[in-house]
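Student: Take this structure, written in structure tokens, and hold onto it; I'll ask about it next.
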Amino acid sequence: MGSSRGDLTKMPEAVKKDFGGALHGVQEGRSPEQAKVLKGKVKGAVQLSEDHDGETYRAIYTTELEGVVYVLHCFQKKSKSGIATPKADIDLIERRLKDARALHKQRQKEQP
């Protein structure tokens, strides 16, 4: 959703490889070891987190929509105030999850 794919491609190779492998596993029905349900008011989102060269990277996705994995947001965590996901990122994830639900509903209607 949104710029997620482009944002993922800008990440370090090791992070792209780890996230790519994990998301491929999700598409095949597996739950990655590092996957955690995103806490807070974003229901239905799952987070992958990867540390690389002292930086933290995250990929947020949802599998709540039958048969499809939507990657909602990929970003480098810049907040230095603990492990919480910054509010701006949470707001973006919420919008993209809402958009993914609407897109999925539309695609379901279009199928015979």
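Student: Can you send over the solvent-accessible area of ARG101, 1.4 Å probe, protein chains only, in Å² to the nearest 10?
Tutor: Accessible surface of ARG101 is approximately 100 Å².
Student: Follow-up. How many nm is it between the label spots at VAL68 and THR56, if each spot is 7 Å from the Cα in line with the beta carbon?
Tutor: 3.0 nm
Student: Something else about it: Mind checking which of ALA102, ALA84, THR9 is farthest towards the positive end of the chain's charge dipole, using Cβ charges of +1 (Lys, Arg) and -1 (Asp, Glu) about the Cα centre?
Tutor: My answer, from the dipole projection, is ALA102.
Student: Which one, (1) 16.6, 62; (2) 15.7, 57; (3) 14.0, 49, gives Rg and Dmax of the Cα atoms in Å as derived from the coordinates shown?
Tutor: So the calculated entry is the one marked (3).
Student: Calculate, for segment 25-93, the solvent-accessible area per residue in square angstrom, rolling a 1.4 angstrom probe over the heavy atoms of the protein chains.
Tutor: Per-residue value: 59 Å².
Student: Report, in degrees rounded to the nearest 10, the 0 to 90 angle that the Cα long axis of helix 87-110 makes with the longest principal axis of the chain.
Tutor: Taking Cα atoms only, the helix is inclined about 20 degrees.
Student: Which order do peptides 59-65, 47-53 fall in by mean Cβ count within 10 Å, highest first?
Tutor: Packing order, densest peptide first, comes out as 59-65, 47-53.
Student: Once phi is turned into θ = phi - 60°, what whole-Hz ³J(HN,Hα) does the Karplus curve with 6.51, -1.76 and 1.60 give for every residue of segment 7-22, x standing for Gly and Pro?
Tutor: The phi angles translate into 5, 5, 5, 8, 7, x, 3, 4, 5, 4, 5, 5, 5, x, x, 5 Hz.
Student: How large, in percent, is the carbon and sulfur part of the accessible surface of segment 14-112 at a probe radius of 1.4 Å?
Tutor: Carbon plus sulfur share of accessible area: 50 percent.
Student: What list of ³J(HN,Hα) couplings, whole Hz, do you get for segment 67-75 from phi and the Karplus terms 6.51, -1.76, 1.60, once you set θ to phi - 60° and write x for glycine and proline?
Tutor: Result, rounded to whole Hz: x, 9, 10, 9, 8, 8, 6, 10, 7.
Student: Dipole size in debye (nearest 20) for the chain around its Cα centre, Lys and Arg Cβ +1, Asp and Glu Cβ -1?
Tutor: So the dipole magnitude of the chain works out to roughly 500 debye.
Student: Here's something else I'd like to know. Over the chain, what is the relative contact order in percent, taking alpha-carbon pairs closer than 8 angstrom and at least six residues apart?
Tutor: 23 percent
The values are calculated or read from the model by the stated rules, or taken from the named source; none is laboratory data. On a predicted model such as this, the values are computed, not experimentally measured, just so you know. Cβ: placed from backbone, ideal geometry, glycine included. Neighbour counts: every protein chain shown. With ligands, DNA and RNA removed, areas are computed over all heavy atoms of the protein, side chains included. Shrake-Rupley method; radii C 1.70, N 1.55, O 1.52, S 1.80 Å.
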